[in-house]
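S.K.: Got a structure here, written out as structure tokens. Questions coming.
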Amino acid sequence: MDINKPNASQGVVSPSLLAEHPLAHLVIPFEKVDYARRGVHFEARVEPAQVVLAAALMEQEGFALDAVTGVDWPQDNQMEIVYDFFHPMMGWRTAVRTRVRRDLPEVPSIEHIYPGANWHEREAWEFFGIHFSGHPQLTPLLLPDDADYHPLRKDFAVA
Amino acid sequence: MNLPEPIRLVAFLVGLMAFVGFNAAYLVWAERKGSGRFQRRLGPTEVGFAGLLQPIADSIKLLTKQLLVPPTVDGLLFRAAPLLVIIPAMVSLAVIPFSENLVARDLHLGLLVVFSFGSIHVLAVMLAGWASRNKYAIISAARVVSQNVAYEIPMLLVVITILMTTNTTSLSEIVQKQAGPFWHWNIFRLDQNPLAPVTFLVFYICMLAETNRAPFDMAEAESELVAGAITEYSGMGFGVFFIGEYANVLVGCALATLLFLGGWQSPIGVLPGAFWFLLKMYVLIFAVMWVRWTFPRTQFYTLLNLSWKVLIPISLGTLVLTAITLKLF
Amino acid sequence: MTPAEAIEAARRAGNETFILNLGPQHPATHGVLRIKLTMDGEYILRAEPVAGYIHRMHEKMGENRTWAQYLPNTSRIDYLSAMTYTHAYVAAVERAAGIEVPRRAEFIRVITSELNRISSHLVWFGAFLLDLGGFTPLLYAFDDREKILDMLEAITGSRLTYCYYRFGGVYNDVDDAFLGAARDFVPYMRERLKMYETLVTENLILRKRLEGIGPISKKMCHKYGATGPVMRGSGIAYDVRRMEPYSVYPELEFDIPHYPEGDCMARYRVRMEEMAQSLRIIEQAVAMIPAGPFQTPGVPKSLKPPAGDYCFAVEAARGRLMVRIVSDGKEMPYRVRWRTPSFCNITLFEEASRGMMLADALALLGSLDLVIPDIDR
């Protein structure tokens with residue numbers, strides 16, 4: 001039992017100060033992003049089928065899952081899913097984004113890599129209707145058990 | 001005044017019931033005021049001066065509430081359980097001497113009567129839990145049974161120790177044997193029982209556990225089991241359980257006073273015996289309440305470990321030590 | 001053993017399992033949380049949290065209000081630690097719109113956030129001990145909390161759900177009375193923390209109740225994304241104020257308490273120490289607060305941040321809070337996503353409570369410090 005000062009006096013070494021890109025060796029390309037403006041250090045845009053690979057790479061590098069966010073873009077006829085990761089040791093933030101078709105949104109589940117994604121994905125399913133294939137229990141989490149509507153879709157009328 | 005025996009007995013029994021009722025009501029008041037003070041707040045102040053009429057208001061409320069008997073319960077057992085809690089306590093009080101003359105029925109086997117009826121309490125709570133057909137109630141009932149059985153053993157061992165020193169089971173005679181200045185009280189009789197204060201402490205802890213008072217209130221642990229075995233009771237059914245709990249505390253503390261603190265013997269010989277008896281009993285009851293509001297609850301297995309692994313060896317030890325002391329000196 | 005295997009094993013051994021519903025109305029689940037427990041006697045074979053009893057759909061509400069109209073909603077998500085939630089949202093929008101915050105306002109934000117953190121931890125402390133059967137410390141803690149609430153009421157007007165921060169600063173300036181009260185509060189609270197240490201933390205019964213109970217490993221925290229005192233109680237010194245520094249925290253000196261054991265006692269000690277560290281921060285901030293404006297002038301009433309998505313993370317009392325806002329250049333947000341700490345912390349309860357007895361599982365639940373509206377939003 002002890003209380004230690006963290007290693008860097010003001011926190012993590014910002015990746016922008018590092019000479020080389022710490023995630024450059026990954027097969028999925030992560031671009032550096034202006035953290036001060038956007039709030040993430042690295043971002044990658046992937047196809048839906050590559051989501052599991054991206055999550056596995058993040059897990060390998062020591063990231064933990066922050067959130068799984070769904071966004072509805074009816075004007076593009078697409079839905080976007082953003083996976084946020086944070087690194088408990090280094091403090092880096094990454095985002096992995098993917099877009100799926102709006103009429104049949106389907107993306108593989110990452111629940112077997114990050115068990116914490118179980119609830120995040122359930123929530124994204126019940127709010128948007130995005131089907132996470134391989135998820136063990138896509139039942140409503142926050143909505144009533146018999147809910148058959150997806151409230152966060154843009155075409156859901158708030159009466 | 002010398003009343004014929006049946007009338008005297010009836011007068012005493014009515015008096016005892018009034019005593020139990022009055023105590024149940026006003027011990028609740030004392031607990032609420034006391035706990036308020038321990039927690040830096042006032043407790044009831046609105047109803048009557050200093051909240052003294054609060055218990056009356058509460059009783060009226062309980063009496064006027066609907067007696068809800070859920071349809072799925074076992075009818076007879078559900079209704080019998082509260083009675084089984086309160087009757088043994090009142091019967092036990094019939095043999096307890098409040099002073100030289102104030103005893104309803106001074107039986108030779110008074111001590112045995114108290115303990116026999118005391119063990120019915122376990123059955124009553126078990127019945128309440130079982131008859132309620134409610135999972136929380138059944139878990140609580142199971143816990144009560146394990147806890148009470150575990151703690152009856154050291155209690156009885158302690159009582160046997162006392163019996164060895166006093167040679168009688170009549171409660172009046174036990175008190176009379178402690179006559180004289182206060183160092184004649186059993187708790188100070190180190191010549192008979194070298195570990196007398198320890199024995200008292202063991203008895204007190206067992207009494208707390210037997211009456212399911214905190215920190216041994218696992219059975220009705222509010223934050224876990226809602227209200228435990230008595231979850232399904234409402235209105236006066238709940239009220240009777242409550243009265244029963246306080247009556248049991250009364251009996252327990254009265255017994256502790258009689259066995260260890262000299263009963264109605266006064267240390268300075270001025271005031272009547274009944275006053276001293278009540279004073280000692282109420283000091284012990286105050287300590288019971290104090291302990292409740294100070295300590296958190298133990299876990300269930302720690303509770304049982306305390307009994308089986310700590311208190312039973314200690315009480316066996318004092319028993320053996322007392323036997324040796326009595327034989328040798 | 002997975003829950004399914006455990007239940008099978010119990011059945012084969014001839015023991016009947018039963019399902020016990022903890023909640024949604026229950027004294028120990030703070031708020032409306034329901035946990036379906038499959039039990040074998042007193043042992044828990046499977047614990048399935050069922051959420052949604054207080055789901056108010058704050059994320060949809062974000063899409064129906066302007067950026068500024070959404071501010072009161074932010075406090076209601078976790079009402080005990082409301083300032084930090086408003087801070088996350090306001091800072092995310094400031095990041096998006098490129099609004100600068102004057103230094104005085106940043107210091108005010110830090111002082112009020114830390115006071116809020118202490119009052120939130122005091123509620124946790126009282127409620128946790130109430131669960132364990134110690135009824136009295138709750139009232140002592142609430143007594144201290146009254147002082148904080150009085151201070152904050154004087155400047156914000158609210159006692160619990162503050163709506164104090166605005167885009168570009170705070171709504172009201174702090175006066176000398178507030179700074180004096182905050183300065184006096186620090187030594188008073190330090191004395192009280194010492195009293196809690198001797199009266200409560202060193203109590204033998206409490207230590208037996210908490211030490212060694214409910215171990216959560218580093219790996220479990222990592223898998224489920226649990227943060228805050230849960231992660232710090234398992235030995236990982238992760239604090240958003242140090243790892244993704246924001247506001248004026250880089251200029252303030254404070255330690256990150258962490259303990260390696262991972263049991264309920266470690267999480268308890270982390271929170272008690274955090275209160276002490278918050279007092280340190282308040283002390284320094286009150287001494288360092290500069291004169292100046294408390295709000296940036298010129299912020300448009302109807303704010304329209306540039307299109308794109310932005311996020312901001314803060315250290316709320318319960319852990320890492322992250323807000324992700326998506327703007328399409330209009331005056332109402334396109335999407336607001338709240339990654340709340342209790343949501344991620346509760347997901348590990350299922351795995352952590354396997355094989356535990358009911359009383360210990362409740363101690364574990366209390367030590368996770370869940371606020372159910374935080375889970376459900």
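S.K.: Would you please list the contacts, defined by Cβ atoms under 8 Å and residues six or more apart or on different chains, that run from a residue in the stretch B:282-301 that is more than 7 Å from chain C (Cβ to nearest Cβ) to a residue that is basic (Lys, Arg) and surrounded by 16 or more Cβ atoms within 10 Å (Cβ to Cβ)?
M.R.: Hits for this filter: B:Val288/B:Arg213; B:Val291/B:Arg213; B:Arg292/B:Arg213.
S.K.: Let me ask another. Test of understanding: among B:Leu316, B:Leu258, B:Leu303, which residue is at pLDDT below 85 and among the hydrophobic types (A, V, I, L, M, F, W, C)?
M.R.: Only one candidate passes the filter, namely B:Leu303.
S.K.: In addition: Collect the residues in the stretch B:28-52 that are in contact (Cβ under 8 Å) with a residue 40 or more places away in the chain and either of a type in the set (S, T, N, Q) or in contact with an Asp or Glu (Cβ under 8 Å, 6 or more places away or on another chain) (or both), keeping them in residue-number order. Steps first, answer last, please.
M.R.: Initially, the stretch B:28-52 is screened for residues in contact (Cβ under 8 Å) with a residue 40 or more places away in the chain, giving B:28, B:30-31, B:34-35, B:38-39.
Passing the criteria: B:Val28, B:Ser35, B:Gln39.
S.K.: Look through the stretch B:306-329, keep the residues that are within 14 Å of chain C (Cβ to nearest Cβ) and over 15 Å from B:Glu210 (Cα atoms), and return whichever of them is farthest from the chain's Cα centre (by Cα).
M.R.: To start, the set of residues in the stretch B:306-329 that are within 14 Å of chain C (Cβ to nearest Cβ) comprises B:306, B:309-310.
Checking which are over 15 Å from B:Glu210 (Cα atoms) leaves us with B:309-310.
Values: B:Lys309: 24, B:Val310: 22 Å.
The extreme case among them is B:Lys309.
S.K.: Just need a number here: residues in the stretch C:66-116 that are touching a Pro at 6+ places or on another chain (Cβ under 8 Å) and either more than 17 Å from C:Gln295 (Cα to Cα) or crowded, with 20+ Cβ neighbours inside 10 Å (or both).
M.R.: Summing the residues that are touching a Pro at 6+ places or on another chain (Cβ under 8 Å) and either more than 17 Å from C:Gln295 (Cα to Cα) or crowded, with 20+ Cβ neighbours inside 10 Å (or both) in the stretch C:66-116 gives 10.
S.K.: Looking at C:Ala313, C:Ala287, C:Ala307, C:Ala291 in this structure, which one is surrounded by fewer than 23 Cβ atoms within 10 Å (Cβ to Cβ), in contact with a strand residue (DSSP E or B) (Cβ under 6 Å, 6 or more places away or on another chain) and modelled with pLDDT of 90 or more?
M.R.: Going through C:Ala313, C:Ala287, C:Ala307, C:Ala291 in turn, just one is surrounded by fewer than 23 Cβ atoms within 10 Å (Cβ to Cβ), in contact with a strand residue (DSSP E or B) (Cβ under 6 Å, 6 or more places away or on another chain) and modelled with pLDDT of 90 or more: C:Ala307.
S.K.: Can we say B:Ser170 is touching a residue at least 24 places away in the same chain (Cβ under 8 Å), surrounded by fewer than 23 Cβ atoms within 10 Å (Cβ to Cβ) and within 14 Å of another protein chain (Cβ to nearest Cβ)?
M.R.: No; evaluated as a whole, the condition is false for this residue.
S.K.: Taking C:Asp175 as the residue in question, decide whether it is of a type in the set (D, E, K, R) and within 14 Å of chain A (Cβ to nearest Cβ).
M.R.: On the way: of a type in the set (D, E, K, R): yes; within 14 Å of chain A (Cβ to nearest Cβ): no.
No: the conditions fail for C:Asp175.
S.K.: Which of the residues belonging to the stretch B:98-147 are touching a helix residue (DSSP H, G or I) at 6+ places or on another chain (Cβ under 8 Å) and over 22 Å from B:Ile87 (Cβ atoms)? Steps first, answer last, please.
M.R.: Pass one, the stretch B:98-147, residues touching a helix residue (DSSP H, G or I) at 6+ places or on another chain (Cβ under 8 Å): B:98-100, B:102-107, B:110-111, B:113-115, B:117-132, B:136-147.
Passing the criteria: B:Ser99, B:Glu100, B:Tyr136, B:Ile138, B:Ile139, B:Ala142, B:Arg143, B:Ser146.
S.K.: So which of C:Arg241, C:Arg271, C:Arg267 is under 16 Å from the mean Cα position of the chain (by Cα) and more than 26 Å from C:Ala352 (Cα to Cα)? Break it down into steps so the answer makes sense when it comes.
M.R.: Details: C:Arg271 fails: more than 26 Å from C:Ala352 (Cα to Cα); C:Arg267 fails: more than 26 Å from C:Ala352 (Cα to Cα).
None of the other options fit; the residue is C:Arg241.
S.K.: For residues that are over 16 Å from C:Met57 (Cβ atoms), over 23 Å from the mean Cα position of the chain (by Cα) and in contact (Cβ under 8 Å) with a residue 60 or more places away in the chain, tally how many sit in the stretch C:311-333.
M.R.: 2
S.K.: Would you point out the residue of the stretch C:217-238, among those that are over 18 Å from the mean Cα position of the chain (by Cα) and over 14 Å from A:Ala64 (Cα atoms), that is farthest from the other protein chains (Cβ to nearest Cβ)?
M.R.: Ranking the qualifying residues of the stretch C:217-238, first place goes to C:Ser217.
S.K.: So for the stretch C:107-122 (the condition being free of Cβ contacts under 8 Å to residues at least 40 places away in the same chain, within 14 Å of chain B (Cβ to nearest Cβ), among the small types (Gly, Ala, Ser) and in contact with a helix residue (DSSP H, G or I) (Cβ under 7 Å, 6 or more places away or on another chain)), does at least one residue qualify?
M.R.: no
S.K.: Tell me which residues, restricted to the stretch C:71-106, are within 14 Å of another protein chain (Cβ to nearest Cβ) and assigned to a loop (DSSP other than H, G, I, E, B).
M.R.: C:Gly98, C:Ile99, C:Glu100, C:Val101
S.K.: Since B:Cys253 meets every condition but one in (1) under 30 Å from C:Glu202 (Cα atoms); (2) in contact (Cβ under 8 Å) with a residue 24 or more places away in the chain; (3) out of contact with any helix residue (DSSP H, G or I) (no Cβ under 7 Å at 6 or more places or on another chain), which condition does it not meet?
M.R.: (3)
S.K.: Could you say which residue among C:Ile346, C:Ile375 is out of contact with any strand residue (DSSP E or B) (no Cβ under 8 Å at 6 or more places or on another chain) and either of a type in the set (A, V, I, L, M) or surrounded by fewer than 22 Cβ atoms within 10 Å (Cβ to Cβ) (or both)? Walk me through how you get there before you give the answer.
M.R.: Details: C:Ile346 fails: out of contact with any strand residue (DSSP E or B) (no Cβ under 8 Å at 6 or more places or on another chain).
One residue alone meets the criteria, C:Ile375.
S.K.: Ok, one more. With respect to B:Ile153, is the statement that it is surrounded by fewer than 20 Cβ atoms within 10 Å (Cβ to Cβ) and β-branched (Val, Ile, Thr) true?
M.R.: So B:Ile153 passes the test.
S.K.: Could you go through the stretch C:25-42 and let me know if any residue there is at pLDDT 80 or above and small (Gly, Ala, Ser).
M.R.: Our first condition is that a residue be at pLDDT 80 or above; within the stretch C:25-42, this holds for C:32-40.
Applying the additional criterion that residues be small (Gly, Ala, Ser) yields none.
No - not one qualifying residue is present in the stretch C:25-42.
S.K.: Hey, another quick one. Name the residue that is surrounded by the most Cβ atoms within 10 Å (Cβ to Cβ), counting only residues in the stretch A:128-152 that are within 23 Å of C:Met322 (Cβ to Cβ) and at the interface with chain C (Cβ under 10 Å from one of its Cβ atoms).
M.R.: So the residue we want is A:Leu141.
S.K.: Being in contact (Cβ under 8 Å) with a residue 24 or more places away in the chain and farther than 28 Å from A:Pro22 by Cβ is true for just one of A:Pro144, A:Pro105, A:Pro140. Which residue is that?
M.R.: Residue meeting the stated conditions: A:Pro105.
S.K.: Return a yes/no flag: does the stretch A:109-127 have any residue that is within 14 Å of another protein chain (Cβ to nearest Cβ) and without any contact (Cβ under 8 Å) to a residue 12 or more places away in the chain.
M.R.: Checked against the condition, which is being within 14 Å of another protein chain (Cβ to nearest Cβ) and without any contact (Cβ under 8 Å) to a residue 12 or more places away in the chain, the stretch A:109-127 yields at least one hit.
The values are calculated or read from the model by the stated rules, or taken from the named source; none is laboratory data. Because the structure is predicted, anything quoted here is derived from the model rather than measured. As a convention, Cβ positions derive from the backbone with ideal geometry for all residues, glycine included, and neighbour counts pool all protein chains shown.
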